[in-house]
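Just below is one structure, and these are the notes that go with it.
The values are calculated or read from the model by the stated rules, or taken from the named source; none is laboratory data. Note that the coordinates shown come from a computational prediction; the quantities given were computed from them, not determined experimentally. Here the Cβ positions follow ideal geometry from the backbone for every residue, glycine too, while neighbour counts run over all protein chains shown. Note: accessible area is taken over every heavy atom of the protein model, side chains too, but ligands, DNA and RNA are not part of it. Shrake-Rupley method; radii C 1.70, N 1.55, O 1.52, S 1.80 Å.
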Amino acid sequence: MNLFFAQDRWIYAAYRGAKRLEMDNASKIVLVSDCHRGTGTGADDFAKNQKLYYVALGHYYRNGFTYIELGDGDELWEERHMADIAAEYDHIFGLLADLYREGRLHMIYGNHDMVKGRAEWVQKNLRVYCPGNQTAPVPLFPDITVSEAILLHHTPSGRELLLLHGHQADFFNYRLWWLGRFLVRYLWQPLELLGMRNPFDTPRRAKRRNRTEKILEQWGEKTNIPIVAGHTHRPILPRGGEGPYYNTGSAVHTRYITAIEIERGALTLVKWEIAAKEDGTLYITKEPMTGPRNMEQCLERVK
């Protein structure tokens, strides 16, 4: 019996229900995961990188990219109210709303924002928001549907690229996400404010992280469908044909944020960080970590 049979079925179910998007070699897409936007408290891992993220998001907006968020965009385990998150980062949600109005924003839910998979929750919490000191709400994502997975169909090659959060390969965070939310919200969040780390956090537990990535990679090998995920926070972009598993990393690394860009028929793993000139002036820069990798080579059958 396959040890990973259940996780295989969960990934396959996400694949079967995935929203389909077309792309070609002229498409410009950026894949970002695990922002964990909070409310600016000491437990908000996003707060330290929110300026980096804002600059990066503005760059992608101005340069015609479609933004796809691969889950855990908002920290809805620690935080109870989406309105509090949107109010804290209203400048960021203003840019996301601009992308949505132009048809250039798509969202996937992860284990930390699993509630976005419920249409009634989305209608209640993502339709409008109140930016700044305004009391009257304005449109945010009025008719958005947040998906479990997105299937990018590359028209020149006829191949597919599966986008999902990746918690489908992690039993605790997929089947017992509600328990994880309870423990984080009522136990570990207060302790995190005192400096303790959450022991159930997949990115910080090497054994669970490695097992999750192995399951995703094996699924891609068996189905010949490459996967781009988040969840483990470890950025990965293999050479074309050398592996079916990619990871965007996260926006909560200690000193930088990562993303995967799809542009001019190639994939590039990039890092946004603060750098310093010789005179001590600080500036924000984007540097490639891996790639570019030719799209058609990346989508070839896994050997």
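Among the numbered conditions (1) over 21 Å from residue 157 (Cα atoms); (2) part of a strand (DSSP E or B); (3) open to solvent by less than 30 Å² (accessible area, probe 1.4 Å), the only one that residue 212 does not meet is (2). Taking first residues from segment 45-60 that are over 14 Å from residue 285 (Cβ atoms) and partners that are modelled with pLDDT under 95, the Cβ contacts under 6 Å between residues at least 6 apart in sequence or on separate chains come to 47/40. Selection of segment 244-303 for residues being among the hydrophobic types (A, V, I, L, M, F, W, C) and without any contact (Cβ under 8 Å) to a residue 24 or more places away in the chain yields 270, 275, 276, 282. Count of segment 86-126 residues, restricted to those that are under 13 Å from residue 144 (Cβ atoms), out of contact with any strand residue (DSSP E or B) (no Cβ under 8 Å at 6 or more places or on another chain) and aliphatic (A, V, I, L, M), is 3.
For residue 97, the criteria (1) crowded, with 18+ Cβ neighbours inside 10 Å; (2) of a type in the set (Gly, Ala, Ser); (3) under 17 Å from residue 162 (Cβ atoms) hold in every case but one, which is (3). Please go through segment 239-253 and pick out each residue that is at pLDDT 90 or above and either surrounded by fewer than 24 Cβ atoms within 10 Å (Cβ to Cβ) or assigned to a loop (DSSP other than H, G, I, E, B) (or both). Across segment 239-253, the qualifying residues are 244, 245, 248, 249, 250, 251, 252, 253. When 107, 23 are checked against the criterion of being closer than 30 Å to residue 158 by Cα, over 18 Å from the mean Cα position of the chain (by Cα) and buried (at least 17 other Cβ atoms within 10 Å of the Cβ), 23 stands alone in meeting it. Checked against (1) closer than 19 Å to residue 229 by Cα; (2) crowded, with 21+ Cβ neighbours inside 10 Å; (3) at pLDDT 95 or above, residue 38 meets all criteria but (1).
Filtered by the rule that a residue be open to solvent by 30 Å² or more (accessible area, probe 1.4 Å) and part of a loop (DSSP other than H, G, I, E, B), segment 6-20 gives a lone residue, 17.
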